[in-house]
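Structure record follows, encoded as structure tokens.
The values are calculated or read from the model by the stated rules, or taken from the named source; none is laboratory data. In this text the structure is predicted, and so the values were computed from the model without any measurement. Neighbour counts run over all protein chains shown; Cβ positions are idealised from the backbone, glycine included.
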Amino acid sequence: MRLPQVSFSKFRVNNKIVLPVLALVVIALVVWVLAGSNSASDVNPEQLLTTSLQNTLASESYRFEMTCQLGQKSDPISKIKGERVGDDRVHIKGTLINSPVEFVQYQDSTFMKDPFSGKWLTLQGNQLVKAESFMIEFNPLANFNFKDVPELDYLGTEEVDGKKYQVLELVPNVEMPFLENQFNTFKYKLWINPETQKIGKALINASHTGNEKALMQIDLKLYDYDKEIDIKPPV
């Protein structure tokens, strides 16, 4: 069987069409390669966790928002906003154990606002801020003190408030005696900024085997790392 002969001279290449199409193909390939480099198989969860913890805990200043729920209650028992500079300057405001609170810790003095009169009370020393029972509210980064992390998984990327984060899920053994006495299982979900390698959001679920009422959930948002934050004693 003899195939018909086709004369390719009849076909002309239109550069105005072909070149833009080729450019789009190249761009698509570059995007595909870059997207593939961020796939779960290319991420080392242990290294990502170690780096993000080191960078987060080394921050000199930050702001935070936190809600805490206990038991099966739908409403949070605590909801605060705060900012912290170094180890001796903290400012928090919101509700704590369902009561309005505002505290300022400045060096060796603690200032507490009376919710009824609006006046500030001064307490010498920083024992309140260092108390283990208030560690979560005054020093939220203490939630990331781990003895070890037996279970760790990388869940890929997720967008939160218009920003893309890398997400880790872990079951650590925490280094917080107050919480260890109340709970024996902690499950964390961490959202890590891929640019700064710092934790931007954390969801912490704590429970106790054999005690259905021993439940706690902490929703923590962290931002403004190492920004200029001015905390002064109230007038």
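Just wondering, is there one or more residues in region 142-160 that are of a type in the set (D, E, K, R) and under 27 Å from Lys73 (Cα atoms)?
Step one: of region 142-160, the residues of a type in the set (D, E, K, R) are 147-148, 151, 153, 158-159.
Filter once more, keeping what is under 27 Å from Lys73 (Cα atoms): none.
There is no residue in region 142-160 that is of a type in the set (D, E, K, R) and under 27 Å from Lys73 (Cα atoms).
Tell me which of these Phe183 doesn't satisfy, since it passes every other one: (1) at pLDDT 95 or above; (2) on the phi < 0 side of the Ramachandran plot; (3) in contact with a strand residue (DSSP E or B) (Cβ under 6 Å, 6 or more places away or on another chain).
Failing condition for Phe183: (1).
Could you grab me the full set of residues in region 50-93 that are more than 22 Å from Gln217 (Cβ to Cβ) and among the hydroxyl-bearing types (Ser, Thr, Tyr)?
Thr50, Thr51, Ser59, Ser61
Counting only residues that are under 18 Å from Ala142 (Cα atoms), of a type in the set (Lys, Arg) and without any contact (Cβ under 8 Å) to a residue 12 or more places away in the chain, how many does region 69-118 have?
Count: 0.
Within region 224-234, identify whether any single residue is in the same structural domain as Pro76 (by TED's automatic domain parsing) and modelled with pLDDT under 95, and answer yes or no.
Taking every residue of region 224-234 in turn, none turns out to be in the same structural domain as Pro76 (by TED's automatic domain parsing) and modelled with pLDDT under 95.
Just for region 40-61: of the residues that are β-branched (Val, Ile, Thr) and not in a loop (DSSP other than H, G, I, E, B), which one is surrounded by the fewest Cβ atoms within 10 Å (Cβ to Cβ)? First the steps, then the outcome.
Taking region 40-61 and keeping what is β-branched (Val, Ile, Thr), we get 43, 50-51, 56.
With not in a loop (DSSP other than H, G, I, E, B) added as a condition, the list becomes 50-51, 56.
Working: Thr50: 12, Thr51: 14, Thr56: 22.
The selected residue is Thr50.
Looking at this structure, is Lys213 over 21 Å from Glu65 (Cβ atoms), touching a residue at least 40 places away in the same chain (Cβ under 8 Å), not in a helix (DSSP H, G or I) and not assigned by TED's automatic domain parsing to the domain that holds Leu49? Steps first, please.
Working: over 21 Å from Glu65 (Cβ atoms): yes; touching a residue at least 40 places away in the same chain (Cβ under 8 Å): yes; not in a helix (DSSP H, G or I): yes; not assigned by TED's automatic domain parsing to the domain that holds Leu49: no.
Spelling it out, it is not the case that Lys213 is over 21 Å from Glu65 (Cβ atoms), touching a residue at least 40 places away in the same chain (Cβ under 8 Å), not in a helix (DSSP H, G or I) and not assigned by TED's automatic domain parsing to the domain that holds Leu49.
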